[in-house]
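Q: Here it is: the structure, laid out below.
The values are calculated or read from the model by the stated rules, or taken from the named source; none is laboratory data. Just so it is clear, the structure is predicted and the values come from calculations on it, not from any experiment. Neighbour counts run over all protein chains shown; Cβ positions are idealised from the backbone, glycine included. Keep in mind that these areas ignore ligands, DNA and RNA; they rest on the heavy atoms of the full protein, side chains included. Shrake-Rupley method; radii C 1.70, N 1.55, O 1.52, S 1.80 Å.
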Amino acid sequence: MSLPEFKLLRPRGVEEAVRHLSEHAGNLRVLAGGTDLIPSMRQKLFEPEYVLDLRGIATMGGIRSQSDGSVEIGALTTLRTIERSDFLRQHYPVLAEAAATVASPVLRNMGTIGGNICLDTRCLWYNQSLTWRKGCGFCIKKDGDLCHVAPGGTKCWAVFSGDTPPALLCLDAEIEIASSSGIRRVSLHDFYTGLGDNYRRLQPDELVTRVFLPASFADYRGVYRKLRVRGSIDYPLAGVAVVMKRSNGHIAEARIGITAVNPAPLLVNGAGDLLKGQAMDEALAEAVGDLAAKTAKPLTTSALTPEYRREMIRVFTKRAVLAAAQSPGRN
Ligand SMILES: Cc1cc2nc3c(=O)[nH]c(=O)nc-3n(C[C@H](O)[C@H](O)[C@H](O)COP(=O)(O)OP(=O)(O)OC[C@H]3O[C@@H](n4cnc5c(N)ncnc54)[C@H](O)[C@@H]3O)c2cc1C
Ligand code: SF4
């Protein structure tokens, strides 16, 4: 499958990038590592006139710890850098662990944290060639008005399949968004809409520039578990991130995030309240697993059955909270 023709723009700074964005908004796609964008362009899911290659913007890379204990990660930082960062492995292990499970080493060398956050939602009826989609009938997410997954409905249920966002939600991460009208900082929690088509709150002239992890979540124990068909290179079909702080043998605080089973990565409501103040045991882990499974709404957007994927959210949540409670941690 060939790439459609486009004009390549290579800004050297954020200011120049946002200028291009405001000039060509709606007719431009941002390229970071390109590991998702380029295959999608080959499938003619996007045929922009301009591609804005961010890779020449040196200020958008790197991990910088701040004096207050928080950390700032440039949106162009590769997943490989995050996976291998001693600082993140020590202080924010859930993020390093989630990054290490993305795709394969080659793709993690190219793929960035910003691209992982902005990753397009996926569906078996959407991530296909133009010929395939034409043959089966276009759908709501692109060029059509019906949904093959939920026929009769008007909503797109394409699934969010990034691995790091559930970990980032657990860590209460914020992102910085730049445009020609300035800079805004939003909670990652508010970035996703829960819709399969318009899945993120990002205007066509906006760019994600940085990710912030607060000091308050530093040194939490962290575990990420993921279901995939091929262990060596595959999107999650269900993913669970857990962060936990312990005190005197009891759980002081915990958060659970899930991915690949809804149109957005989500925190499991009520999980923290259920775990707080408790000593971890099998029954408690099972109860939290049940709660996570109720939050998951998998449909036939992906390989493996929805029933199996929901069940694996339950099982992985149970395993992940048990592992987090037993993992060596500072608290
Ligand atoms: C075979 C294969 C397996 C994969 N497996 C996984 C997996 O297991 N888990 C997983 O999470 N992902 C997986 N991916 C997807 C992808 O490799 C990763 O999500 C990666 O992190 C994407 O980052 P990127 O920099 O390459 O993004 P790009 O492809 O450059 O961009 C992705 C999207 O985000 C937008 N974008 C990128 N950066 C910004 C920014 N700073 N501001 C605004 N918009 C931006 C782009 O316009 C595009 O829409 C897989 C891909 C392939 C091809
Ligand atoms: S969920 Fe429905 S509308 Fe969305 S991509 Fe899949 S088939 Fe298309």
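Q: Taking the stated definitions as given, is R185 within 16 Å of ligand 1 (Cβ to nearest atom), within 27 Å of S65 (Cβ to Cβ), of a type outside the set (S, T, Y) and open to solvent by 40 Å² or more (accessible area, probe 1.4 Å)?
A: Details: within 16 Å of ligand 1 (Cβ to nearest atom): yes; within 27 Å of S65 (Cβ to Cβ): yes; of a type outside the set (S, T, Y): yes; open to solvent by 40 Å² or more (accessible area, probe 1.4 Å): yes.
The answer is yes for R185.
Q: For W125, only one of the following conditions fails: (1) open to solvent by 10 Å² or more (accessible area, probe 1.4 Å); (2) away from ligand 2 (no atom under 16 Å from the Cβ); (3) among the aromatic types (F, W, Y). What is its number?
A: Just one mismatch for W125, condition (2).
Q: Separate question: Could you tell me which residue of the stretch 109-122 is nearest to L54 (Cα to Cα), considering only residues that are open to solvent by 20 Å² or more (accessible area, probe 1.4 Å) and more than 7 Å from ligand 1 (Cβ to nearest atom)?
A: N109
Q: Residue check, S40 against (1) near ligand 1 (Cβ under 9 Å from one of its atoms); (2) among the hydroxyl-bearing types (S, T, Y); (3) open to solvent by 40 Å² or more (accessible area, probe 1.4 Å), all met but one. Which one?
A: Condition not satisfied by S40: (3).
Q: A further question on this structure: Identify, please: which residue in the stretch 279-314 is among the β-branched types (V, I, T), open to solvent by 20 Å² or more (accessible area, probe 1.4 Å) and more than 24 Å from K245 (Cβ to Cβ) and is, among those, nearest to the chain's Cα centre (by Cα)? Talk me through it step by step, then tell me what you get.
A: From the stretch 279-314, those among the β-branched types (V, I, T) are 288, 295, 300-301, 305, 313; that's our starting set.
This time we only want the ones that are open to solvent by 20 Å² or more (accessible area, probe 1.4 Å), so: 295, 300, 305.
Those left that are additionally more than 24 Å from K245 (Cβ to Cβ): 300, 305.
Numbers: T300: 20, T305: 22 Å.
Applying the filter and picking the extreme gives T300.
Q: Based on what the data block shows, is A264 open to solvent by less than 20 Å² (accessible area, probe 1.4 Å), more than 10 Å from ligand 1 (Cβ to nearest atom) and either in contact with a Leu (Cβ under 9 Å, 6 or more places away or on another chain) or at pLDDT 95 or above (or both)?
A: Numbers: open to solvent by less than 20 Å² (accessible area, probe 1.4 Å): yes; more than 10 Å from ligand 1 (Cβ to nearest atom): yes; either in contact with a Leu (Cβ under 9 Å, 6 or more places away or on another chain) or at pLDDT 95 or above (or both): yes.
Taking the combined requirement at face value, the residue satisfies it.
Q: Return the pairs, sorted by first residue and then second, in which the second residue is buried (at least 16 other Cβ atoms within 10 Å of the Cβ) and part of a helix (DSSP H, G or I), the first residue lies in the stretch 133-152 and is among the acidic types (D, E), the beta carbons are less than 8 Å apart, and the residues are 6+ apart or on different chains.
A: D143/R133
Q: Any idea how many residues of the stretch 276-310 are touching an Asp or Glu at 6+ places or on another chain (Cβ under 8 Å) and in a helix (DSSP H, G or I)?
A: Matching residues across the stretch 276-310 total 1.
Q: Filter the stretch 219-253 down to residues that are closer than 17 Å to D281 by Cα and assigned to a loop (DSSP other than H, G, I, E, B) and give me whichever is farthest from ligand 1 (Cβ to nearest atom).
A: Checking each candidate, the answer is N248.
Q: Can you confirm whether the stretch 316-328 contains a residue that is open to solvent by less than 70 Å² (accessible area, probe 1.4 Å), within 29 Å of R201 (Cα to Cα) and in contact (Cβ under 8 Å) with a residue 24 or more places away in the chain? Even if it seems obvious, please write down each step before you answer.
A: Residues of the stretch 316-328 open to solvent by less than 70 Å² (accessible area, probe 1.4 Å): 316-318, 320-325, 327.
In the following step, the residues that additionally are within 29 Å of R201 (Cα to Cα) were identified as 317.
Among the residues that remain, those that are also in contact (Cβ under 8 Å) with a residue 24 or more places away in the chain are: 317.
Within the stretch 316-328, one or more residues are open to solvent by less than 70 Å² (accessible area, probe 1.4 Å), within 29 Å of R201 (Cα to Cα) and in contact (Cβ under 8 Å) with a residue 24 or more places away in the chain.
Q: Considering only residues that are within 13 Å of ligand 1 (Cβ to nearest atom) and open to solvent by 10 Å² or more (accessible area, probe 1.4 Å), look in the stretch 162-179 and name the one that is farthest from Y235 (Cα to Cα). Walk me through how you get there before you give the answer.
A: In the first step, residues of the stretch 162-179 are kept if they are within 13 Å of ligand 1 (Cβ to nearest atom); the result is 162-168, 175-179.
With the extra rule that they be open to solvent by 10 Å² or more (accessible area, probe 1.4 Å), the set shrinks to 176, 179.
Numbers: E176: 26, S179: 30 Å.
Step by step, filter the stretch 162-179, then rank; the result is S179.
Q: Taking G69, is it open to solvent by 10 Å² or more (accessible area, probe 1.4 Å) and part of a loop (DSSP other than H, G, I, E, B)?
A: Considered against the rule, which asks whether it is open to solvent by 10 Å² or more (accessible area, probe 1.4 Å) and part of a loop (DSSP other than H, G, I, E, B), G69 comes out as yes.
Q: Here's another thing I want to ask about it. Which members of the stretch 139-158 meet the condition of being on the phi < 0 side of the Ramachandran plot and more than 6 Å from ligand 2 (Cβ to nearest atom)? Give the steps one after another, and end with the answer.
A: Narrowing the stretch 139-158 to residues on the phi < 0 side of the Ramachandran plot: 139-142, 144-151, 153-158.
Across the stretch 139-158, the qualifying residues are K142, G144, D145, L146, A150, P151, G153, T154, K155.
Q: Condition (residue is within 25 Å of S2 (Cα to Cα), buried (at least 20 other Cβ atoms within 10 Å of the Cβ) and modelled with pLDDT of 95 or more) applied to the stretch 53-66: is it met by at least one residue?
A: Yes, there is a match, as at least one residue in the stretch 53-66 is within 25 Å of S2 (Cα to Cα), buried (at least 20 other Cβ atoms within 10 Å of the Cβ) and modelled with pLDDT of 95 or more.
Q: Okay, moving on. Taking the options I256, I313, name whichever one is touching a strand residue (DSSP E or B) at 6+ places or on another chain (Cβ under 8 Å), modelled with pLDDT of 95 or more, in a helix (DSSP H, G or I) and within 18 Å of F160 (Cα to Cα). First the steps, then the outcome.
A: On the way: I256 fails: in a helix (DSSP H, G or I).
On inspection, the qualifying residue turns out to be I313.
Q: Going through the stretch 188-215 one residue at a time, which ones are open to solvent by 30 Å² or more (accessible area, probe 1.4 Å) and under 30 Å from W125 (Cα atoms)?
A: Of the residues in the stretch 188-215, the ones open to solvent by 30 Å² or more (accessible area, probe 1.4 Å) are 189-190, 193, 195, 197-198, 200-205, 210, 214-215.
Of everything in the stretch 188-215, those that are open to solvent by 30 Å² or more (accessible area, probe 1.4 Å) and under 30 Å from W125 (Cα atoms) turn out to be H189, D190, T193, L195, D197, N198, R200, R201, L202, Q203, P204, D205.
Q: Can you report the number of residues in the stretch 91-104 which are in a loop (DSSP other than H, G, I, E, B) and surrounded by 23 or more Cβ atoms within 10 Å (Cβ to Cβ)? Outline the logic, then answer.
A: Here is the first cut: in the stretch 91-104, the residues in a loop (DSSP other than H, G, I, E, B) are 92, 101-104.
Still in the list and also surrounded by 23 or more Cβ atoms within 10 Å (Cβ to Cβ): 92, 102.
Total satisfying the criteria: 2.
Q: Within the stretch 6-23, identify whether any single residue is in contact with a helix residue (DSSP H, G or I) (Cβ under 9 Å, 6 or more places away or on another chain), without any contact (Cβ under 8 Å) to a residue 24 or more places away in the chain and not in a helix (DSSP H, G or I), and answer yes or no.
A: No, the stretch 6-23 contains no residue that is in contact with a helix residue (DSSP H, G or I) (Cβ under 9 Å, 6 or more places away or on another chain), without any contact (Cβ under 8 Å) to a residue 24 or more places away in the chain and not in a helix (DSSP H, G or I).
Q: Given the criterion without any contact (Cβ under 8 Å) to a residue 60 or more places away in the chain and open to solvent by less than 10 Å² (accessible area, probe 1.4 Å), identify the matching residue among L88, L45, L79.
A: Numbers: L45 fails: without any contact (Cβ under 8 Å) to a residue 60 or more places away in the chain; L79 fails: without any contact (Cβ under 8 Å) to a residue 60 or more places away in the chain.
The conditions single out L88.
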